[in-house]
Amino acid sequence: MKLSDFDYELPKNLIAQVPVEPRDASRMMVLHRDSQSVEHRHFYDLPDLLDPSDVLVFNQSKVIPARILFSVGEKECEVFFVREVTEMVWEVMVRPGRLFRKGDSVSMSDDVRFEVLEVLPDTEHGHRIVRVHDTKMRDRFTLLQEFGSIPLPPYIESREGVSKYQNVYAVEPGSVAAPTAGFHFTQELLETLRAKGVQIEFLTLHVGPGTFLPVSADVIEDHVMHEEFFVLDHDVAARLNSAKQSGRRIISVGTTTTRVLESCTGDDGIVVARAGSTKIFIYPGYRWRYIDGLVTNFHLPKSTLLMLVSSFAGQEFVAKAYADAVREQYRFFSFGDGMLIL
């Protein structure tokens, strides 16, 4: 399958730079797979489109201020925290790479320095393993809160929306990019859904910087998927299996949630509690195991996220829906409008 099969033209003015307020006032395209029909609604209509027996599953990961900018002499430096290896030892991306050679010690401030333990085989993105030395003994998240900033996707050119780049239900710090399908949910909308009877469940997947990287392989089967850490608790898995076996629909909020649920489901259709990493790559031809519906956004051309959605709803159906979305002036990407696939 060719990468060009997942390309489309998008006018730049349709790339949302800030979210709408309130969040659930965003538009929502509803794709009905059985009838191959499309509705144009708003996200606040979601309770009317779900059944009381439905289950919504969310990724509760919280975005951390992972990007630290500082100067060494006249050189501007960046350390982008990717994942924690052990306490105060991190995999990071750095620039300029020549200042971060193995054995180097790079001071960010009087209190903090980075000791380069390993140079990883990734010359393009400057991956390193570093030990963080902090004379004030701050924990990792306190350190990032004091010195770091929230990284925004490269297509968002303004920092105006940075305070909105977080889900209202996010509690587990660890992502360097937000699971953005949840941006449309407000606390009031969640309460309305609960009052209707919709079951709300949470898991955690910490989104890594690989979510920003384009697919470079011309044949998508050759693409190597990035790895991301997740946790699916036993109690959550048990409740989901009970609902599934009762014939209730499991509706995944976002591609990250979807990747966890599909990674943890066996051929018997039972989801198993796990904590670990997933590199699952879902594209057309994938045999779906668990989810019955999907809440998502409008994704970048040639992205693995678009491939996942195309697998779930059908490649031709999704391509037509995206063309409709461009024609109807939907807002695209992280701060854009939503899509519900049933």
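Here, each number is a calculation from the coordinates, and none is a lab measurement. The shown structure was predicted, so the numbers you read here are calculated from the model rather than taken from an experiment. Quick reminder, even Gly has a Cβ in these numbers, built from the backbone with ideal geometry, and neighbours come from all protein chains shown.
Relative contact order, whole percent, for the chain stands at 24, derived from Cα pairs under 8 Å and 6 or more residues apart. Adding -39500 (n - 2.57) for every DSSP H run of four residues or longer, then dividing by how many residues the chain holds, sets the calculated 222 nm ellipticity at -5500 deg cm²/dmol.
What the Cβ-Cβ distance of Lys196 and Arg287 gives, at R0 = 30 Å and to the nearest 0.05, is a FRET efficiency of 0.40. If one takes the longest principal axis of the Cα atoms in the chain, at what angle in degrees, from 0 to 90 and to the nearest 10, does the Cα axis of helix 234-245 lie? For 234-245 against the chain, the angle is about 20 degrees. Helix 304-313 and the longest principal axis of the Cα set of the chain meet at an angle near 10°.
Note on Arg41/Asp122: beta-carbon distance plugged into 1/(1 + (r/R0)^6) with R0 of 41 Å gives a FRET efficiency of 0.45. Ranking Gly210, Pro301, Pro121 by Cα position along the charge dipole of the chain, where only Lys, Arg, Asp and Glu carry charges on their C-beta atoms, puts Pro121 farthest toward the positive end.
Here Lys164 is the anchor, and the aspartates and glutamates within straight C-alpha reach of less than 14 Å, apart from those fewer than 8 places off in the same chain, are Glu21, Asp24. List the residues of region 278-293 whose backbone N lies under 19 Å from a point placed 7 Å from the Cα of Leu213 along the Cα-to-Cβ direction. 278-283, by backbone N distance to the label point. Scanning the chain for GluC sites (Glu not before Pro) lying in DSSP loops with no more than 14 further Cβ atoms inside 10 Å, the longest uninterrupted stretch between such sites is 228-327.
Counting only Cβ charges, +1 for Lys and Arg and -1 for Asp and Glu, the dipole size of region 67-147 around its Cα centre is about 120 debye. Counting other Cβ atoms within 10 Å, which trypsin sites (Lys or Arg not before Pro) in region 104-149 have at most 12 and lie in a DSSP loop? Counting only loop positions with at most 12 other Cβ atoms within 10 Å, the trypsin sites (Lys or Arg not before Pro) in region 104-149 are Lys136.
Axis of helix 315-327 versus longest Cα principal axis of the chain: the two differ by about 80°, to the nearest ten degrees. Using +1 at the C-beta of Lys and Arg and -1 at the C-beta of Asp and Glu, which of Thr257, Met28, Val72 has the Cα lying farthest in the positive direction of the dipole of the chain? Ranked along the dipole, the leading option is Val72. Database remark: amide H of Val215 closer than 5 angstrom to the amide H of Thr304 (H placed geometrically; neighbours at sequence offset of 5 or more, or on other chains; Pro and chain starts carry no H). Taking each residue as 0.36 nm, the span from Glu316 to His133 lengthens on full extension beyond its C-alpha to C-alpha distance by 60.6 nm. Taking the centroid of alpha carbons for each part, region 189-216 and region 279-342 are 15 Å apart.
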